[in-house]
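Notes follow the structure.
The values are calculated or read from the model by the stated rules, or taken from the named source; none is laboratory data. Since this is a predicted model, take the numbers as computed values, not measurements. Here the Cβ is made from the backbone with ideal geometry for all residues, glycine too, and neighbour counts use every protein chain on show. Calculation scope for accessible area: heavy atoms of the full protein, side chains included, ligands and nucleic acids excluded. Shrake-Rupley method; radii C 1.70, N 1.55, O 1.52, S 1.80 Å.
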Amino acid sequence: MTATKHASSWSTPPRDALRVGHGFHLRDVDPESTPGFDAGKKHAERELAAGVPTLSELQERLFAASTQGAPDAVLLVLQAMDTAGKGGIVRHVVGAVDPQGVRHYAFKKPTPEELAHDFLWRVESQVPAGGQIGVFDRSHYEDVLIGRVRQLADAAEIERRYGAINDFEEGLVGRGVRVVKVMLQISADEQKARLSERLDRPDKYWKYNPGDVDERELWPAYQEAYQTVFERTSTALAPWHVVPANHKWYARIAVQRLLLDALEGIDPQWPAADYDIAVERARLAAT
C-alpha cells in the first residue's frame, strides 16, 4: 500500500532538475529561478499544504515499520550561506510531521573533546536511527567548507576529508539511510537584504550575528569551496541538489518534494499485527 499522491505542478521533478551532475557549475545557478516548477507562489503554497498529509503518513509508516526492525531512515543535509532559509525549511517542511519521528541537529564550532577525535566522530552519534527523519542544519560539510575557507586544516587534510565523507555516506546508505543533500543558493544581494531586515526589526535582532558580515566578505571563497564540495562528493548514492533560494516558497516546495521522493522510494509499510486480532477483540469486548 502506498500513500495517496497529490497532483503536482512540477514539469521536471527536483531530483532531476536540481541534481548536481557532471559539468555542474554553481555560478550557472540563478538564485531567482524556479527550475522545474511552472506555477507561482500561491500555487506553491497550496501544493506545500497539499503535500503535508502524504509526508506525514509516510513518516508515520517509516516510524511504525521500525518498531518491527525495519532499518530505513532519511537524513536531510541542509547547507547554505547565512540567511538562506534553512530554519524555514525545518519549520515549514520537516515541522509538518510528528516530532517523535524527527531528529534535528545543528553542528556548531567543535568542542575541545570533539577536536580530539576525527571530524566525523561527532557526526556519527547524530545519524538518525531506523524510523527517523534526521535533519543536519549545517553538517559534516562544515569541516570542508569553513575548514577550507578559514584555513582551519591544511590542503592535504581537507582533501582526505572529501574521501572520508564519501565513505561515511556510502556506509549510511548501506545501513538503510537515504541521504538527501541540499544546498540552498541565494544571491549576495538577497542575503544583504535579509540581513538588513534583521537590523530593521526589533523582533529579529536576536537573529542577527555580526559574524555573518565577516563570512559575507568571504563570499567568493565560499562559492569556490562549495563548487569543490560538489565535484568531490556528489555521488550516485548521495547526490547533491542545489536549490535556488531567493524565493523561500520555491525552496520549501522543492525540499518537500525531495523528501517525498526519498520516502516514496523506501515505501515503508504498516507492520502486520504480531498477535491474534480475533482473540484480542474478544478479550477487549469482555472487559
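The table below lists the values:
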| quantity | calculated |
| --- | --- |
| Surrounding net charge for residue 131, when Lys and Arg each add one and Asp and Glu each subtract one, Cβ distance under 12 Å | -1 |
| Kirkwood-based Rg to Rh ratio, region 78-217, C-alpha trace | 0.98 |
| Highest-MSF residue in the chain out of 118, 167, 137 [GNM, Cα springs under 10 Å] | 118 |
| Total lysine pairs under 22 Å (Cα atoms) in the chain, excluding pairs fewer than 8 apart on one chain | 24 |
| Two-decimal Rg/Rh across region 69-126, once Rg and the Kirkwood Rh are taken from alpha-carbon atoms | 1.02 |
| P(r) of the chain over all Cα-Cα pairs, binned every 5 Å from zero, in whole percent | 1, 5, 11, 15, 17, 16, 13, 9, 5, 3, 2, 1, 1, 1, 0 |
| For the chain: relative contact order, % (alpha-carbon pairs under 8 angstrom, 6 or more apart) | 32 percent |
| Protein accessible area in region 56-182, 1.4 Å probe - carbon and sulfur % | 50 percent |
| Rounded Å value of the spacing that divides the Cα centres of region 185-241 and region 27-49 | 19 Å |
| Net charge of Cβ neighbours under 12 Å - reference residue 273; Lys, Arg +1; Asp, Glu -1 | -2 |
| Percent of C-alpha pairs per 5 Å bin, region 1-146, short to long | 2, 8, 13, 17, 19, 17, 14, 7, 3, 1, 0 |
| Scaled radius of gyration (Cα, divided by 2.2 N^0.38 Å) that region 134-177 gives | 1.28 |
| Fluctuation leader among 79, 68, 126 - the chain, Gaussian network, Cα springs under 10 angstrom | 68 |
| If the convex hull is drawn through the Cα atoms of region 176-249, its volume per residue in Å³ | 135 Å³ |
| For region 224-267, alpha-carbon Rg over 2.2 N^0.38 Å | 1.36 |
| Beta bridges by DSSP in the chain, antiparallel share as percent, to the nearest 5 | 10 percent |
| Dmax and Rg, reported as Rg then Dmax, of region 31-70 (C-alpha, Å) | 15.4, 45 |
| Solvent exposure of region 107-153 as accessible area per residue, Å², 1.4 Å probe | 48 Å² |
| Loop trypsin sites (Lys or Arg not before Pro), region 1-90, which have at most 14 other Cβ atoms in a 10 Å radius of their Cβ (DSSP) | 5 |
| Unit charges on C-beta of K, R, D, E only; dipole of the chain, Debye | 660 debye |
| Calculated FRET value between residue 223 and residue 197, using beta carbons and R₀ = 35 Å, to 0.05 | 0.95 |
